[in-house]
Amino acid sequence: MIEKIANLKNEISSFTINNNEDLENFRLEFLSRNGKIQDMFKLMGSVPKEDKASVGKAMNEVKNLAQNKYDEAKANLHKKKKKSFGASDDISLPMPPRYTGSLHPLTKALNEIKQIFLRLGFNIADGPELEDDFHNFTALNFPPDHPARDMQDTFFVRRSDEHPDKNQVLRTHTSPVQIRLMKHKELPIRSIMPGRVYRNEAVTAKSYFQFNQVEGLYVDENVTLGELIETLVMFAKLMYGSDVKYRVRPSFFPFTEPSMEMDIWWENEQGGQWLEILGAGMVDPNVFNAVNVDAEKYTGFAFGMGVDRIALLRYGIDDIRTLYENDIRVLQQFK
Ligand code: DAH
């Protein structure tokens, strides 16, 4: 009996397991219900009583040896499979989906605008979103009682009726950056100033309390209205295609004189309509005076446009709120 057990032990030890097939053969040969270990236990009945304890112990040792060898081999095969390609790996299977990022439609529209003005010789500047009364209004020639200073349009961060000059606001437009450039930079200036602006307006599909503008400013000796119009037409053609239909009409802004607005003709399935894309004009001498630029020597033009409108038209979005909700299902459509 003891010899039988020793032979079985040798058999188990010398069995090599290299793959799943070997593993299964090992299990069938030793560990299954009809395997050699169960057969061995069946012989227990013929063992003399006084030997039962020692033989039983030896049998259990063999059983544990087989079971441990099996478990270990199984774990090793599993590890190997994870690490390497085998003949059974199908490399033509599709990858699991990978979600990559994409640029936000506002960023895309803004990038296009920037590219166009960089080509036209403008550089890019920016300024703070929290502004004071001087930069947002006074220096831009807004009279003290101008309705745009009223609560309904402007988010006041700090407001004092006795000292309105100490008011702090979320900028209502990017025009205050013009003031900062003229105060701190050497002339000539030829810059665009993109940025976020804020207005205290009801949130609807068409209006939002924040949006994005791109301001433009060109100040030098002998800058003319003709150059302004030429620049705007060039922009419209590069942005909307060389066959774009546009018009320029007179308008009013406190900080420009004369002032104008530019419209482009936008067609869709329902027909067409004129859409205002920007305001512009020649810098008002009062603005030059506020920043100590010699209005006798220098002239300049300025313009300001909304980026959101461009993004909405370009991507056929009909609710401005879509641009700010950052719904991943919406954003994934702009790859
Ligand atoms: N700041 C104006 C607005 O928010 C837009 C504007 C109009 C900017 C004319 C300009 C300009 O620079 O010349 O409505």
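The values are calculated or read from the model by the stated rules, or taken from the named source; none is laboratory data. A quick note: this is a predicted structure, and the numbers were derived from the prediction, not measured. We place every Cβ from the backbone using ideal geometry, glycine too, and count neighbours over all the protein chains shown. Each accessible area value is taken on the protein alone, full model and side chains, heavy atoms only, with ligands, DNA and RNA left out. Shrake-Rupley method; radii C 1.70, N 1.55, O 1.52, S 1.80 Å.
Set side by side, the residues Leu217, Leu228 differ, and just one is within 13 Å of the ligand (Cβ to nearest atom), at pLDDT 95 or above and assigned to a helix (DSSP H, G or I), which is Leu228. Somewhere in the stretch 70-79, is a residue open to solvent by 50 Å² or more (accessible area, probe 1.4 Å), more than 59 Å from the chain's Cα centre (by Cα), of a type outside the set (Gly, Ala, Ser) and not assigned by TED's automatic domain parsing to the domain that holds Ala311? Among the residues of the stretch 70-79, not one is open to solvent by 50 Å² or more (accessible area, probe 1.4 Å), more than 59 Å from the chain's Cα centre (by Cα), of a type outside the set (Gly, Ala, Ser) and not assigned by TED's automatic domain parsing to the domain that holds Ala311, which makes the answer no. Put simply, of Ser92, Ser102 the only residue that is open to solvent by 80 Å² or more (accessible area, probe 1.4 Å) and assigned to a loop (DSSP other than H, G, I, E, B) is Ser92. Looking across the stretch 92-112 at every residue that is at pLDDT 90 or above and in contact with a Leu (Cβ under 8 Å, 6 or more places away or on another chain), the one that is farthest from Glu325 (Cα to Cα) is identified as Asn111. The set of residues in the stretch 196-219 being touching a residue at least 60 places away in the same chain (Cβ under 8 Å), among the polar types (S, T, N, Q) and under 18 Å from Val157 (Cα atoms) consists of Gln210 alone.
Residues to consider are Val223, Val203, Val233; find the one that is assigned to a loop (DSSP other than H, G, I, E, B), away from the ligand (no atom under 12 Å from the Cβ) and open to solvent by less than 30 Å² (accessible area, probe 1.4 Å).
Being assigned to a loop (DSSP other than H, G, I, E, B), away from the ligand (no atom under 12 Å from the Cβ) and open to solvent by less than 30 Å² (accessible area, probe 1.4 Å) holds for just one of Val223, Val203, Val233, which is Val223.
For the stretch 138-172, name all the residues that are free of Cβ contacts under 8 Å to residues at least 40 places away in the same chain, in contact with a strand residue (DSSP E or B) (Cβ under 8 Å, 6 or more places away or on another chain) and open to solvent by less than 60 Å² (accessible area, probe 1.4 Å). Phe156, Asn167, Val169, Thr172, listed by residue number. The set of residues from the stretch 20-35 being of a type in the set (S, T, N, Q) and either in a helix (DSSP H, G or I) or surrounded by 14 or more Cβ atoms within 10 Å (Cβ to Cβ) (or both) comprises Asn20, Asn25. Of all residue pairs spaced 6 or more apart or on separate chains, those with beta-carbon atoms under 9 Å, a first member in the stretch 45-74 that is more than 13 Å from Leu8 (Cα to Cα) and a second member that is of a type in the set (Ser, Thr, Tyr) are Lys69/Ser13.
Of all residues in the stretch 142-176, those satisfying the criterion of being within 16 Å of the ligand (Cβ to nearest atom), touching a helix residue (DSSP H, G or I) at 6+ places or on another chain (Cβ under 8 Å) and within 12 Å of Glu131 (Cβ to Cβ) are Thr154, Val169, Arg171, Thr172, His173, Ser175, Pro176.
Do any strands (runs of 3 or more DSSP E) lying entirely in the stretch 236-328 carry at least 1 residues that are more than 16 Å from the ligand (Cβ to nearest atom), without any contact (Cβ under 8 Å) to a residue 12 or more places away in the chain and open to solvent by less than 80 Å² (accessible area, probe 1.4 Å), and which ones are they? Talk me through it step by step, then tell me what you get.
On the way: elements: 246-253, 256-268, 271-283, 299-306.
Passing ranges, in order: 256-268, 271-283.
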